Amino acid sequence: MARLVMKFGGVSVADGRRLRNVGELVRGFSSGNEIVVVTSALQGVTDDLLECARSSAKYGRVSDVDDFIMRLAEKHEQAITDAISDEAIRDEIRSDIRKKIDTLEKAYVGICYLGELTPRSIDYISSFGEQLSAPILSGVFRDMGIESRYYTGGEVGIITNSDYGNAKPLEKSYSLIAKKLLPIKGIPVVTGFIAMDENGIITTLGRGGSDFSASIIGAAIDADEIWFWKETSGVLTADPKIDPSAKTIPTISYIEAMELSFFGAKVLHPRAIEPAIRKGIPVRVKCTFDPESPGTQIVQEEELKDGVIKAVSLSTNVALLNVSGAEMIGTPGVAARVFSALANAGVNIIMISQGSSEANISMVVEEKDLDKAEEALRRDLPREIVRGISHNKDVCVVAVVGSGMAGTPGVAGRLFSAMGRAGINVRMISQGSSEHNISFVVAAKDGKRAVQKIHREFRLNGDRA
Ligand SMILES: Nc1ncnc2c1ncn2[C@@H]1O[C@H](COP(=O)(O)OP(=O)(O)O)[C@@H](O)[C@H]1O
Ligand SMILES: N[C@@H](CC(=O)OP(=O)(O)O)C(=O)O
């Protein structure tokens, strides 16, 4: 018997037919196994919830809220009809969903009147996507004669700090989750993405955070494996939407997967691997639409036989931030002050590079953090040392990832020659001493082409010619 945590993303549970399909798929694995299911919201619902919240705060139009609520209710009603056949179960889930939607509507009306949207209310609003999908998926299992109940992340013990929008689980979650989930019979369905803080207030784990929820749960209950079910056939050598020739990577290490997700590969939440590492739990990424194919296995051991580079990724919505001043040369502690100013402002630095003349430090940050970052630098750094703070939003980060790069000479040369031949100007380069990745900044317009050129140069699609 294996204990498995299975997480289904928004595309996998996009509508009633797919929810039913997920039910059949899990049932296929359920005999002799103990399964916990973690679900995301129906595809696009989280985006829609947030969009309605922003426009409610901006324009205060209750009539727009009414329209949105009607569409949201219809979408979920339709999903119930398509996914569940037993009338009694349908009615029960419908009434559950209606109550939740009424509560949500009141919150939107409140936002309309207040004209204000706090990080806490954003988390509250965006939590409804999973609060509406989980009851339906649990209903599908019951419709199939499998015992099931749904729970929010908070109800099963995912307790976080109060960093709304990007909350971190507290250590005590791990024992709490095990205590709450292990005695449950049947197939529990847990809402991904959402958790609660110590005061019982809803928090979220960051966009795409259902992967993180599943991994936290997997580590807490000592799962044998954690499976992420996606629309792709696993972790691919590149985003197939950027390079359709991308191939599934059969095995990848924890570190490689983390690097890829950190550098923008949307296939995994950047923190989804950390909890699995705690317990050395193998993670699988599998395709919901092709469950027989093995997908990608993410494991501790690095597999070096598949060439030096495993994959290439693209991070968009980033900005280049430059701090300069001749007085920075030879002045100890400038870098420390730059980084602590940004850390204190809660800005995550994606890349760092310092010229050997030391007259400037360049960093890549998320575009959404740019104003906050510049404000913090202007406030905290002495003017006589740092003369200029500038930025460029028209950039993206390309990263190549592969543990085989460590100690293999010539990779960087080949990479940047390929960029040179393609006429792509490289503005900043960074390589960690672990040599698991090389990341570099190019103009936003060149990002996709850079990924495609690297994919071809390193024959990541498997072509040997
Ligand atoms: N290297 C990669 N391998 C696989 N998918 C990738 C990669 N980089 C980006 N992606 C994108 O990640 C998404 C993962 O599938 P999806 O079902 O949307 O996941 P989820 O719903 O769990 O977020 C796909 O849309 C794919 O385009
Ligand atoms: N629904 C949330 C959480 C999530 O993980 O979604 P998905 O698995 O569809 O990326 C979001 O859109 O951010």
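Some observations on this one:
- The base-10 log of I(q)/I(0) for the chain, evaluated at q = 0.05 Å⁻¹, reads -0.20 [Debye formula, identical scatterers on Cα atoms, solvent excluded].
- Loop sites in region 195-285: GluC sites (Glu not before Pro), DSSP, at most 14 other Cβ within 10 Å: GLU198
- Above-threshold pairs, the threshold being 25 Å between Cα atoms, out of LYS286/LYS445; LYS286/LYS310; LYS7/LYS75; LYS247/LYS453; LYS7/LYS247: LYS286/LYS445
- When the convex hull of its Cα atoms is viewed from all sides, region 56-164 shows a mean projected area of 7.4 nm².
- Structure-based [θ]222 nm, the chain - -39500 (n - 2.57) summed over DSSP H runs of at least 4, per residue, nearest 500: -12500 deg cm²/dmol
- Axis angle, to the nearest 10 degrees, between helix 210-220 and the longest C-alpha principal axis of the chain: 80 degrees.
- Accessible area of region 55-140 divided out per residue, in Å², using a probe of 1.4 angstrom: 47
- Surface composition of the chain: carbon and sulfur atoms hold 49% of the protein heavy-atom accessible area at a 1.4 Å probe.
- Amide H contacts under 5 Å for TYR151, placed H, 5+ residues apart: VAL189, VAL190, THR191
- The gain in end-to-end length when the GLU375 to ARG414 segment is fully stretched comes to 10.2 nm, 0.36 nm per residue minus the alpha carbon separation.
- The residue list MET144, ASN344, GLY402 was ranked by how far each Cα lies along the charge dipole of the chain toward its positive end, using unit charges on Cβ atoms, and GLY402 comes out on top.
- Helix 172-181 axis versus longest C-alpha principal axis of the chain: approximately 30°, rounded to the nearest ten.
- Kirkwood Rh in Å, taken over region 3-231 so that all alpha-carbon pairs contribute: 17.5
- Computed FRET value (nearest 0.05) for GLU301 with SER324, which takes r as the C-beta separation and R₀ as 56 Å: 0.80
- According to the Cα-based calculation, Rg over Rh for region 189-276 is 1.01, with Rh computed by the Kirkwood formula.
- Summed over the residues of region 359-457 and divided among them, the accessible surface reaches 46 Å² per residue at a probe radius of 1.4 Å.
- In the chain, the DSSP beta bridges split such that about 60 percent are antiparallel, to the nearest 5.
- Cα pair distances exceeding 19 angstrom across region 1-99, given as percent: 54
- Classification of region 311-457 by its C-alpha gyration tensor yields a prolate form. The axis ratio a/c (a ≥ b ≥ c) is 1.5 or more, and a/b outweighs b/c.
- In this simple spin-label approximation, LEU114 and ASP91 carry label points 7 Å from Cα along the Cα→Cβ vector, and these lie 3.7 nm apart.
- Counting 0.36 nm for each residue step from ASP15 to SER175 and taking away their Cα separation leaves a gain of 54.2 nm.
- Loop-located trypsin sites (Lys or Arg not before Pro) in region 383-465, at most 12 other Cβ atoms within 10 Å (DSSP): ARG383, ARG464
- Phi-based couplings in Hz for region 374-386 (Karplus 6.51, -1.76, 1.60; Gly and Pro marked x): 5, 4, 5, 5, 5, 6, 9, 9, x, 4, 5, 9, 9
- In region 1-156, a dipole from Cβ-located charges (positive for Lys and Arg, negative for Asp and Glu) runs towards its positive end, and of PHE29, LEU50, ALA134 it is PHE29 whose Cα lies farthest in that direction.
- Under 5 Å from the amide H of ARG284 lie the amide H atoms of ILE226, TRP227, PHE228, ILE298, each residue being 5 or more positions distant or on a separate chain, with H modelled from the backbone and absent for Pro and chain starts.
- Computed label-point distance, nm, for sites ILE146 and ALA2 using a 7 Å Cα→Cβ extension: 1.5
The values are calculated or read from the model by the stated rules, or taken from the named source; none is laboratory data. What you are looking at is a predicted structure, and each value in this text was computed from that prediction instead of being measured. So basically every Cβ, Gly included, is an ideal-geometry build from the backbone, and we count neighbours across all protein chains shown. All accessible areas refer to the heavy atoms of the entire protein, side chains included, with ligands and DNA or RNA removed. Shrake-Rupley method; radii C 1.70, N 1.55, O 1.52, S 1.80 Å.
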